[in-house]
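Asker: The structure follows.
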Amino acid sequence: MKIVVCVKQVPDTAAKVVVEDGQVTWGDAPLVINPWDEYAVETALLQQEAHSGDVTVISVGDEDAKEALKHALAMGCGNAILISDPGLENADSLVTSQVLAAAIQKIGDVDLAFFGRQAIDGDVGVTAAQTARVLGWPSLTLVSAISELDPVSSSIRVERSVEEGRQVVEGKLPAVVSVIKDIAEPRYPSFMGIRKASRAEIPVWSVAELGAEVSDPVVSWPEISNPPKQEVITEIISGGSPAEIAETLAEKILETKVL
Amino acid sequence: MDFALTDEHRMVQQMVKGFAQKEVSPVIKEYDRKQAMAPFILPRMAELGILGICLPVRYGGQGMDYIALGLACEELEAVDSTLRVVMSVHMGLNSMALLQWGTEEQKERFLAPQARGEKIACFGLTEPGAGSDVAAILSTAKRDGDIYIINGEKMWISLATKADHALIVARTDLDAADPHDGLSAFMVELNRDGVTSGDIHGKLGVRAGSTGWIAFQDVEIPAENRIGEEGEGFKIAMSSLDNGRYTVAAGATGLIRASLEASLRYAQERKAFGREVGKFQLVQQKIAHMVQSYEAAKLLYLRAGWMKNQGIRNTCETSLAKWFATDASFDAASEAIQIHGAYGYSDEYDVERYLRNAKGAVIYEGTSEIHQLIQAGYALEYRDNVPLRCELPAFDDDIWQKEQ
């Protein structure tokens, strides 16, 4: 099995993301691998352990994105590739998916490409499906379990978690799979993995090296603003007895149409 | 001079932090109240390799350096002191002593299973009547042909009821002119006939850990279990403390950080007199002191770790790091409670646990008073570093990574 995992470097979930002077900033908060992508890495490693083969992790971004790649290497991925190009500074999900698809094709003979369900910074959640579309592969999104994977017959059966419930879907390999939290608990990097990752020389591919045909972004952010500040008013309801307090509270709730 | 941590160090920090925060933090209050150690802690730390973090790969360790050990201790104690205590006794006081003083055969027998986390190790120096006064040790080890017969009791032993191996110090020469010279060190398998142990309850802190006693009643051990030569027990114990105190210093630094982070969160949430309490200058003063303590404590323990990596004797520097960080962690936790007001006085918040846990480290592995004597002794040149027959080996990346 040849497996690719696509990961993104994002601000830490604890970071306070705000808009300053029209730019999004998270101060000096650390950048981490997108938490959803850790599930994708874990899933890829589990499939590799079950069916042998190798796992390559790739990311589109600047030098900082090497941190995310090293995290995935420390978890157990065999290879890492950074795709970095000044022309990708304003890439939207379409451009990103074209670049990722080109990288997957350049790696060659890939059976499965895993993604997290979305990145916690952009929260768009369509890159996996778009990459599948560009590659012309089946798109199996929001996957909560891989119930069958047969490299010989090149088939895969997964469970998807959708609003209406669970769907069992079958597809042919090669396929793109985006995973959700239920799929498996991500492992911690091992010390051996950490040593390997810290010494890894990660190759950097440019768009030209990929030979990718990349569109202009179709989505841009002409204006960004902070959400309006919410005024929170606290009112302590008092009364002579619990029943009286409860009655006053119920009236307030009905009055404000909270319920 | 390079103050930057390597990628490797930062990844170790993240990995250990992830374990402590995701797996231990959600349940620590429950076990602290129960005064019991969560049963998953030791197997999980073994599985993740934390129990062998800075030991060479050929002995079953993970091949990291001594700074990685310190960073791990900081992250562990930022969640709970009991996690760091595991590293102090299993790694600092026992396994690193084996690395320093053990023969190859002893390393194979004892160190390798400890590094892999298959066996848990503890350290038995303190007795009911001998704490700081090590020369007052009464436990005896009497040579009888190819064996030693151990009798005595060890007290305030971390992991007493959890450990498989104990490195203990006992008297082999009752007539030594200097009582320090009559002590020897031994590895004792705690499943031997005549060994009994129990936990001590009712402690102020480290309640989610195991602290207890171990008694030896005519316990026979092979002579090959003696670590070092007869009469080297005091030196071995003191060199073990150089390593144990390092882990305590690093851990206490994590406790300062935890108090600081809790205080920052609370000071920005809690409002009084119409504004968040962080806006008040007296609260800011407390926070400033915590920042100062954290940064200084961190630099002190990292210097000690760097010296260990270089193979430079660090008794004085480690003592200073331990003394400063533990005293500062107690102060930081106390001030964190003050910032939290009445809420800090209840176990709804973590800071009261930080204070209770901080007090222990001001006492064990050399009280603050002992460390002050050590520091003054070095400054006045009453003390000097006497070369040891076996020094802690300097970290060597190639040697540490070798499989054989």
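Here's the yes/no breakdown for (1) of a type outside the set (Gly, Ala, Ser); (2) modelled with pLDDT of 95 or more; (3) under 27 Å from A:LEU69 (Cα atoms):
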{"residue": "B:ALA4", "(1), (2), (3)": "no, no, yes"}
{"residue": "B:VAL16", "(1), (2), (3)": "yes, yes, yes"}
{"residue": "B:GLU23", "(1), (2), (3)": "yes, yes, yes"}
{"residue": "B:ILE28", "(1), (2), (3)": "yes, yes, no"}
{"residue": "B:TYR31", "(1), (2), (3)": "yes, yes, no"}
{"residue": "B:PRO39", "(1), (2), (3)": "yes, yes, no"}
{"residue": "B:ILE50", "(1), (2), (3)": "yes, yes, yes"}
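Asker: Report, ordered by the first and then the second residue, all pairs with beta carbons closer than 6 Å, sequence separation of six or more or different chains, a first member in region A:180-192 that is at the interface with chain B (Cβ under 7 Å from one of its Cβ atoms), and a second member that is of a type in the set (Lys, Arg) and surrounded by fewer than 18 Cβ atoms within 10 Å (Cβ to Cβ).
Answerer: Partner pairs satisfying both residue conditions: none exist.
Asker: Return yes when B:ALA208 is assigned by TED's automatic domain parsing to the domain that holds B:LEU302 and buried (at least 20 other Cβ atoms within 10 Å of the Cβ) and no when it is not. Give the steps one after another, and end with the answer.
Answerer: Values: assigned by TED's automatic domain parsing to the domain that holds B:LEU302: no; buried (at least 20 other Cβ atoms within 10 Å of the Cβ): yes.
So B:ALA208 does not fit the description; no.
Asker: Looking at region A:55-69, can you tell me whether even one residue there is basic (Lys, Arg), away from chain B (no Cβ under 14 Å) and either touching a residue at least 12 places away in the same chain (Cβ under 8 Å) or under 23 Å from A:GLU201 (Cβ atoms) (or both)? If you could, list the steps in order and put the result at the bottom.
Answerer: Initially, region A:55-69 is screened for residues basic (Lys, Arg), giving A:66.
Filter again for away from chain B (no Cβ under 14 Å), leaving none.
So far as region A:55-69 goes, no, none of its residues is basic (Lys, Arg), away from chain B (no Cβ under 14 Å) and either touching a residue at least 12 places away in the same chain (Cβ under 8 Å) or under 23 Å from A:GLU201 (Cβ atoms) (or both).
Asker: Just the residues that are more than 20 Å from B:LEU51 (Cβ to Cβ) and in contact with a helix residue (DSSP H, G or I) (Cβ under 7 Å, 6 or more places away or on another chain), please, taken from region B:144-168.
Answerer: B:ASP146, B:ILE147, B:TYR148 - these are the residues of region B:144-168 that are more than 20 Å from B:LEU51 (Cβ to Cβ) and in contact with a helix residue (DSSP H, G or I) (Cβ under 7 Å, 6 or more places away or on another chain).
Asker: I would also like to ask the following. List, please: which pairs have Cβ atoms under 7 Å, are six or more places apart or on different chains, and start with a residue in region A:16-33 that is modelled with pLDDT of 90 or more and end with one that is of a type in the set (Asp, Glu) and surrounded by 10 or more Cβ atoms within 10 Å (Cβ to Cβ)?
Answerer: Every condition considered, the pairs that remain are A:VAL32/A:ASP12.
Asker: Answer yes if at least one residue in region B:19-37 is part of a helix (DSSP H, G or I), in contact with a Leu (Cβ under 6 Å, 6 or more places away or on another chain), within 14 Å of another protein chain (Cβ to nearest Cβ) and touching a residue at least 40 places away in the same chain (Cβ under 8 Å), and no otherwise.
Answerer: Looking through region B:19-37, at least one residue is part of a helix (DSSP H, G or I), in contact with a Leu (Cβ under 6 Å, 6 or more places away or on another chain), within 14 Å of another protein chain (Cβ to nearest Cβ) and touching a residue at least 40 places away in the same chain (Cβ under 8 Å).
Asker: Let me ask something else. Determine whether B:GLY377 is over 29 Å from B:GLY205 (Cα atoms), outside the structural domain of B:PRO56 (by TED's automatic domain parsing) and under 23 Å from the mean Cα position of the chain (by Cα). Spell out how you get there, then give the answer.
Answerer: On the way: over 29 Å from B:GLY205 (Cα atoms): yes; outside the structural domain of B:PRO56 (by TED's automatic domain parsing): yes; under 23 Å from the mean Cα position of the chain (by Cα): no.
Spelling it out, it is not the case that B:GLY377 is over 29 Å from B:GLY205 (Cα atoms), outside the structural domain of B:PRO56 (by TED's automatic domain parsing) and under 23 Å from the mean Cα position of the chain (by Cα).
Asker: Taking only region A:193-228 into account, find how many residues are at the interface with chain B (Cβ under 9 Å from one of its Cβ atoms) and either within 20 Å of A:GLU89 (Cβ to Cβ) or free of Cβ contacts under 8 Å to residues at least 24 places away in the same chain (or both).
Answerer: Matching residues across region A:193-228 total 2.
Asker: Test of understanding: among A:ILE224, A:ILE202, A:ILE194, A:ILE236, which residue is assigned to a loop (DSSP other than H, G, I, E, B) and at pLDDT 95 or above?
Answerer: Criteria check complete, one pass: A:ILE202.
Asker: Considering only region B:379-404, state which residues are part of a helix (DSSP H, G or I) and over 30 Å from B:GLY52 (Cα atoms). Can you show your working first?
Answerer: We begin by selecting, within region B:379-404, every residue part of a helix (DSSP H, G or I); these are B:379, B:397-401.
B:ALA379, the sole residue that qualifies.
Asker: Considering only residues of region B:330-363 that are touching a residue at least 24 places away in the same chain (Cβ under 8 Å) and within 15 Å of the chain's Cα centre (by Cα), which is farthest from B:TYR294 (Cα to Cα)?
Answerer: Ranking the qualifying residues of region B:330-363, first place goes to B:GLY360.
Asker: So, one more: Restrict the check to region A:129-141 and report whether at least one residue is within 14 Å of another protein chain (Cβ to nearest Cβ) and either touching a residue at least 24 places away in the same chain (Cβ under 8 Å) or among the charged types (D, E, K, R) (or both).
Answerer: no
Asker: Then there's this: For B:ALA376, which of the numbered conditions (1) part of a helix (DSSP H, G or I); (2) touching a residue at least 24 places away in the same chain (Cβ under 8 Å) fails to hold?
Answerer: Against the list (1) part of a helix (DSSP H, G or I); (2) touching a residue at least 24 places away in the same chain (Cβ under 8 Å), B:ALA376 comes up short only on (2).
Asker: Looking at this structure, is A:PRO174 touching a Phe, Trp or Tyr at 6+ places or on another chain (Cβ under 7 Å) and either surrounded by fewer than 22 Cβ atoms within 10 Å (Cβ to Cβ) or not hydroxyl-bearing (Ser, Thr, Tyr) (or both)?
Answerer: yes
Asker: Could you tell me which numbered condition B:LEU5 fails, if it satisfies all but one of (1) surrounded by fewer than 17 Cβ atoms within 10 Å (Cβ to Cβ); (2) within 14 Å of another protein chain (Cβ to nearest Cβ); (3) not in a loop (DSSP other than H, G, I, E, B)?
Answerer: All conditions pass for B:LEU5, except number (3).
Asker: For region B:48-61, what are the residues that are assigned to a helix (DSSP H, G or I) and within 13 Å of chain A (Cβ to nearest Cβ)?
Answerer: Initially, region B:48-61 is screened for residues assigned to a helix (DSSP H, G or I), giving B:50-52, B:57-59.
Across region B:48-61, the qualifying residues are B:ILE50, B:LEU51, B:GLY52, B:VAL57.
Asker: In region B:106-136, which residues are under 26 Å from B:GLY366 (Cα atoms) and either assigned to a strand (DSSP E or B) or among the polar types (S, T, N, Q) (or both)?
Answerer: Result: B:GLN114, B:ALA121, B:CYS122, B:PHE123, B:GLY124, B:THR126, B:GLU127, B:ALA130, B:SER132.
Asker: Follow-up question, since we're still on this one. I'd like to check something: does region A:234-246 contain any residue that is more than 28 Å from A:ALA102 (Cα to Cα), touching a helix residue (DSSP H, G or I) at 6+ places or on another chain (Cβ under 7 Å), away from every other protein chain (no Cβ under 14 Å) and not small (Gly, Ala, Ser)?
Answerer: Yes.
Asker: When you look at A:GLU170, is it part of a strand (DSSP E or B), at pLDDT 95 or above and of a type outside the set (Phe, Trp, Tyr), yes or no?
Answerer: Values: part of a strand (DSSP E or B): yes; at pLDDT 95 or above: yes; of a type outside the set (Phe, Trp, Tyr): yes.
The answer is yes for A:GLU170.
Asker: Looking only at region A:37-57, which residues are closer than 18 Å to A:ILE81 by Cα, over 13 Å from the mean Cα position of the chain (by Cα) and of a type in the set (D, E, K, R)?
Answerer: A:ASP54
Asker: Considering (1) more than 14 Å from every other protein chain (Cβ to nearest Cβ); (2) touching a residue at least 12 places away in the same chain (Cβ under 8 Å); (3) of a type in the set (D, E, K, R), say which one B:GLU75 fails and leave the rest.
Answerer: Only one criterion is unmet by B:GLU75, namely (1).
Asker: Look through B:HIS201, B:HIS180 and report the one residue that is outside the structural domain of B:ASN385 (by TED's automatic domain parsing), surrounded by fewer than 24 Cβ atoms within 10 Å (Cβ to Cβ) and assigned to a helix (DSSP H, G or I). Steps first, answer last, please.
Answerer: Details: B:HIS201 fails: assigned to a helix (DSSP H, G or I).
Going through B:HIS201, B:HIS180 in turn, the sole match is B:HIS180.
Asker: To continue, here is another question. Go through region A:1-31 residue by residue and tally those that are surrounded by 14 or more Cβ atoms within 10 Å (Cβ to Cβ) and in contact with a helix residue (DSSP H, G or I) (Cβ under 7 Å, 6 or more places away or on another chain).
Answerer: 9
Asker: Do the conditions hold for A:GLU209, that is, is it of a type in the set (D, E, K, R) and surrounded by 10 or more Cβ atoms within 10 Å (Cβ to Cβ)?
Answerer: Working: of a type in the set (D, E, K, R): yes; surrounded by 10 or more Cβ atoms within 10 Å (Cβ to Cβ): yes.
Yes; evaluated as a whole, the condition is true for this residue.
Asker: If you go through region B:364-374 one residue at a time, how many are surrounded by fewer than 24 Cβ atoms within 10 Å (Cβ to Cβ) and either within 13 Å of the chain's Cα centre (by Cα) or closer than 17 Å to B:THR126 by Cβ (or both)? Full working, then the answer.
Answerer: As a first pass, look at region B:364-374 and keep what is surrounded by fewer than 24 Cβ atoms within 10 Å (Cβ to Cβ): B:364, B:367-374.
Checking the rest, the ones that are also either within 13 Å of the chain's Cα centre (by Cα) or closer than 17 Å to B:THR126 by Cβ (or both) come to B:364, B:367-371.
Here the count works out to 6.
Asker: Please state which one of B:MET64, B:MET45 is within 14 Å of another protein chain (Cβ to nearest Cβ), over 23 Å from B:ILE363 (Cβ atoms), outside any helix (DSSP H, G or I) and not small (Gly, Ala, Ser). So that I can check it myself, show each step before the final result.
Answerer: Numbers: B:MET45 fails: outside any helix (DSSP H, G or I).
Result: B:MET64 is the single residue among B:MET64, B:MET45 that is within 14 Å of another protein chain (Cβ to nearest Cβ), over 23 Å from B:ILE363 (Cβ atoms), outside any helix (DSSP H, G or I) and not small (Gly, Ala, Ser).
The values are calculated or read from the model by the stated rules, or taken from the named source; none is laboratory data. These numbers come from a predicted model, not from an experiment. When we count neighbours, we look across all protein chains shown, and the Cβ atoms used for this are built from the backbone with ideal geometry, even at glycine.
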